[in-house]
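Each value in this text was obtained by applying a stated rule to the coordinates, not by laboratory testing. This is a predicted model, so every value here is computed, not measured. Note: ideal-geometry Cβ built from the backbone for every residue, glycine included; neighbour counts use all protein chains shown.
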Amino acid sequence: MKLFHIHKRFFLMLNAISILVAFLMHLPELIALSNPVADNCLFPDFYWGDVSSEILFTYFSILLLFFLNIKLMMPSHPVADLGWRRVAITFVITLVVCNLLGKGFVYLHQHFEVPAITAMLHQYLHPLRDILIACIVTGTCYLDYQNQRSRRMLLENEQLRTENLVNQYEALKSQLNPHMLFNSLNTLYSLIRESPDKAQNFLQELSRVMRYTLHDNLSHTVTLNEEMSFVRSYIYLLQMRYEDNLDFDINIPQELLQRQVPPMAVQMLVENAVKHNEISNRNPLTIHIYAERNGLCVSNRIQPKLSDSSSTCIGLANLSKRYQLLFKQDITIEENEKIFKVTLPLI
């Protein structure tokens, strides 16, 4: 289907190039035929039918080689770059196929009397013509692919900018909603009366959370170390509110802290777990944050709230979309009767 789409879009261009190259390859013979008074010592004993047959065969050969090149140069992902090895292999295959097609035409001429030019000079020029045709076909397909790749990358960059704006809006809407501020200020008010020292620490961590959330960061990614520093401040606020009823088990190897994640990705998963699970003396909640192969996992035991409203899954869908646009990868969501787990690829 993809190959058919490419043929449909570029068929006229490929035809034009094939016709032009076919005529140019046989220009000496055409010049010789157009001047009958000259002594045709270079191309003796040939006629218009012979040249027409050669041009027609060259046209169809070039068209076939174009389709072969499009197929060979089609990578697994549309924006992946073509390495020089792949281009070189494609050129060699094109050259070999072009030579085989020429031998096939000679076979048709010898056994089925298909018109062809038999002049010795014409035979000597065949290898040079094969090389020129292979260069033209492979070069044209390579330049066309690079042009399409650039256009796709520009389109995806525009999508990424749009998605980043949507993500910033969703983050602000999620983090700076009156409910969160109300809970934080209530906790701060209680701490001021009970423990001024704890209130000071709480206010400091709250300012870090707000600063990270509101920071006008043009980068689409942050290091895991930066993200976890923010997450620990956010965890501090949660634990001051839920006290011993909320616990965190964090186990991340030091060598993974320089890997990249989208900003607020881990925090969103922590917030998601707190939002949709009961946290009480009867049912304390433990959230596990740990590395697994090349991913970061956030998991918790499922203990839904009795009055929990249905989830729209906007946060997870937004995070999944950001991963697809940024890294061409996706998050993994696993859920059974007991455990809910999300795995973030670490880039």
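When Ser233, Ser34, Ser195 are arranged by Cβ crowding within 10 Å, least crowded first, meaning fewest neighbours, the order is Ser34, Ser195, Ser233. Evaluate the distance, in nm, between pseudo-label points positioned 7 Å from the Cα of Asn283 and of Glu334 along their respective Cα→Cβ axes. If labels sit at Asn283 and Glu334, their model points lie 2.3 nm apart.
Using R₀ = 51 Å, calculate the FRET efficiency as 1/(1 + (r/R₀)^6) where r is the Cβ-Cβ separation of Arg85 and Gln303; round to 0.05.
The computed FRET efficiency comes out at 0.40.
The length gained by stretching the chain between Ile93 and Tyr242 to full extension, at 0.36 nm per residue less their Cα-Cα distance, is 46.9 nm.
Note on Leu56 and Leu316: their simple-model spin labels are 6.4 nm apart, each label 7 Å out from Cα toward Cβ. Counting neighbouring Cβ atoms within 10 Å and putting the fewest first, the residues Leu237, Leu82 line up as Leu82, Leu237.
Residues in segment 291-303 carry Karplus couplings, in order, of 8, 9, 6, 9, x, 10, 9, 10, 9, 7, 6, 7, 9 Hz; the curve used is 6.51 cos²θ - 1.76 cosθ + 1.60 with θ = phi - 60°, and Gly or Pro positions show x.
Here the label points at Ser207 and Leu154, each 7 Å from Cα along the C-beta direction, are separated by 4.6 nm in the simple model. Take the Cα of Ile250, go 7 Å toward its beta carbon, and the backbone nitrogen atoms of segment 273-289 under 13 Å from that spot belong to 287-289. Once the Cβ-Cβ distance of Met120 and Asn15 is raised to the sixth power relative to R0 = 45 Å, the FRET efficiency obtained is 0.90. Candidate cross-link partners of Lys341 among the aspartates and glutamates, defined by an alpha-carbon separation under 15 Å and a same-chain spacing of 8 or more, comprise Asp249, Glu271, Glu292, Asp330. Take every Cα-Cα pair in segment 176-345 and report what % of them are more than 26 Å apart. For segment 176-345, the share of Cα pairs beyond 26 Å comes to 30 percent.
When you restrict to C-alpha pairs under 8 Å that are six or more residues apart and normalise by the size of segment 176-345, the relative contact order lands at 18 percent. Taking amide H as placed 1.01 Å from N in the peptide plane, Leu296 has its amide H under 5 Å from the amide H of Leu344, Leu346, each at least 5 places away in sequence or on another chain.
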